[in-house]
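Quick notes on the structure that follows.
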Amino acid sequence: MPSNSSVRHFSKSKCQTLLIRLALEEDRARHDLTSRALLQPGQRLRAVIRAKQPGIIAGAQACRETFRAADTRIRCAIARHDGQPVRAGDTILTLHGPARAVMAAERTALNFLGHLSGIATLTSRFVRQVKPHRVAILETRKTIPGLRELEKAAVRAGGGHNHRLHLADAILIKTNHLKALGGPRTEAIWTAIARARRVRPSRDVIVEVNSFAELRAALAMRPDVILLDNWSAPAIRQAVRLRNAIGRRPLLEASGGVTLANVRRIAATGIERISIGQLTHSAPALDVSLRIL
């Protein structure tokens, strides 16, 4: 099921700590030739990070942790936390510390902040678009390797919900799994769901269907979620009617080809979930910048 959409605090896990360190090393932050040539070792400065366009903030604490990883003497104060809106010119963070370290970490920190805030901003647009329908907006696993936890947190910051975090989080039976089982598709669906229930009874089971025959087969087995991939709005509405005839479960999820232009129409069908890969793989970064005071 989708996780609660409330914004969780940044968790500096070992994975995220390593990610930040790798990002700084990728940019050779400790060997910044420009800062070493122009700035004195003991020089300190104050700076502010501001939004250059309106949006929703995500990654503020990841940004702060990046500066801190570069030099623990850098002091950062967050003015806009994850999930909060900003206008052009609004301050997101203020910082004070060794000039060389601040300048060396600037681009890496802003890359995290801009990318994650872009995801939160796009998510919030989809969430606003589907109101007042009671439907959850979710991302997919189409994330940048290594950034998944941060990107999924950014979706929550934008008011969305999370799909499964990783392959061990839930059982998602897709078309290729059914093809690999072989035999008639409806029988493959029955077999797949039965095996999933037997092997991992505590995990949610989601199954992808591509026709009404497959939908009926899945409904008979009552998985937790049925995924309607690339179904038209009229077809989704009919699927909802078929499901409602047996109750309010399993939940129905639409995916594939969802845009800001058609998401309201899809939400109006009565479906419970809409998953959108665009949230993480194509969200434009929010434009942010650092200015020396």
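The values are calculated or read from the model by the stated rules, or taken from the named source; none is laboratory data. Computed from a predicted model, the values in this text were never measured in an experiment. Please note: Cβ atoms are built from the backbone with ideal geometry, for glycine as well, and neighbour counts cover all protein chains shown.
Before we move on, is ALA170 closer than 21 Å to CYS15 by Cβ and touching a residue at least 60 places away in the same chain (Cβ under 8 Å)? So that I can check it myself, show each step before the final result.
Details: closer than 21 Å to CYS15 by Cβ: yes; touching a residue at least 60 places away in the same chain (Cβ under 8 Å): no.
The answer is no for ALA170.
Let's see how each residue does on (1) of a type in the set (A, V, I, L, M); (2) under 30 Å from ARG128 (Cβ atoms); (3) assigned by TED's automatic domain parsing to the domain that holds PRO54; (4) in contact with a Phe, Trp or Tyr (Cβ under 8 Å, 6 or more places away or on another chain):
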{"site": "LYS179", "(1), (2), (3), (4)": "no, no, no, no"}
{"site": "LEU227", "(1), (2), (3), (4)": "yes, yes, no, no"}
{"site": "ARG264", "(1), (2), (3), (4)": "no, yes, no, no"}
{"site": "SER275", "(1), (2), (3), (4)": "no, yes, no, no"}
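Taking interchain pairs and intrachain pairs at least six residues apart, which have beta carbon atoms under 8 angstrom, with the first residue in region 234-262 and modelled with pLDDT under 95 and the second among the aliphatic types (A, V, I, L, M) and not in a loop (DSSP other than H, G, I, E, B)?
Hits for this filter: ILE246/LEU219.
Filtering region 189-217 down to residues that are among the β-branched types (Val, Ile, Thr) and in contact with a strand residue (DSSP E or B) (Cβ under 9 Å, 6 or more places away or on another chain), which residue is surrounded by the most Cβ atoms within 10 Å (Cβ to Cβ)?
To start, the set of residues in region 189-217 that are among the β-branched types (Val, Ile, Thr) comprises 189, 191, 193, 199, 205-207, 209.
Next, from what is left, pick out any that are in contact with a strand residue (DSSP E or B) (Cβ under 9 Å, 6 or more places away or on another chain): 189, 193, 199, 205-207, 209.
Working: ILE189: 28, ILE193: 22, VAL199: 9, VAL205: 24, ILE206: 25, VAL207: 26, VAL209: 26.
My answer is ILE189.
Within region 83-133, can you find the residues that are of a type in the set (Gly, Ala, Ser), farther than 24 Å from ALA267 by Cβ and in contact with a helix residue (DSSP H, G or I) (Cβ under 8 Å, 6 or more places away or on another chain)? Even if it seems obvious, please write down each step before you answer.
Filtering region 83-133 down to residues of a type in the set (Gly, Ala, Ser) leaves 83, 88-89, 97, 99, 101, 104-105, 109, 114, 117-118, 120, 124.
Then drop every residue that is not farther than 24 Å from ALA267 by Cβ, which leaves 88-89, 97, 99, 101, 104-105, 109, 114, 117.
If the condition is that a residue be of a type in the set (Gly, Ala, Ser), farther than 24 Å from ALA267 by Cβ and in contact with a helix residue (DSSP H, G or I) (Cβ under 8 Å, 6 or more places away or on another chain), then GLY97, ALA99, ALA101, ALA104, ALA105, ALA109, SER117 are the ones that fit.
In region 129-161, which residue that is within 26 Å of ARG248 (Cα to Cα) and small (Gly, Ala, Ser) is surrounded by the fewest Cβ atoms within 10 Å (Cβ to Cβ)?
GLY159
List the strands (runs of 3 or more DSSP E) that sit entirely inside region 198-257 and contain at least 3 residues that are touching a helix residue (DSSP H, G or I) at 6+ places or on another chain (Cβ under 8 Å) and closer than 22 Å to ASN162 by Cβ. Working first, answer last.
Numbers: elements: 205-209, 225-229, 251-255.
The qualifying strands (runs of 3 or more DSSP E) are 205-209, 225-229.
Wholly within region 29-128, which strands (runs of 3 or more DSSP E) include no fewer than the required count, namely at least 1 residues that are outside the structural domain of ARG148 (by TED's automatic domain parsing), surrounded by fewer than 21 Cβ atoms within 10 Å (Cβ to Cβ) and touching a residue at least 24 places away in the same chain (Cβ under 8 Å)?
Qualifying strands (runs of 3 or more DSSP E): 44-51, 91-98.
For region 258-274, give me the residue count where each residue is part of a helix (DSSP H, G or I) and surrounded by fewer than 19 Cβ atoms within 10 Å (Cβ to Cβ).
Initial filter on region 258-274 (part of a helix (DSSP H, G or I)): 263-267.
Imposing the further condition that a residue be surrounded by fewer than 19 Cβ atoms within 10 Å (Cβ to Cβ) reduces the set to 264-265.
Adding up the residues that qualify gives 2.
Could you count how many residues in region 56-76 are farther than 19 Å from ARG148 by Cβ, hydrophobic (A, V, I, L, M, F, W, C) and touching a His at 6+ places or on another chain (Cβ under 9 Å)?
3
Are any residues in region 193-212 under 28 Å from the mean Cα position of the chain (by Cα) and more than 25 Å from ALA233 (Cβ to Cβ), and if so, which ones? Even if it seems obvious, please write down each step before you answer.
Taking region 193-212 first, the residues under 28 Å from the mean Cα position of the chain (by Cα) are 193, 196-197, 200-210.
Answer for region 193-212, where residues must be under 28 Å from the mean Cα position of the chain (by Cα) and more than 25 Å from ALA233 (Cβ to Cβ): ILE193, ALA196, ARG197, ARG200, PRO201, SER202, ARG203, ASP204, VAL205.
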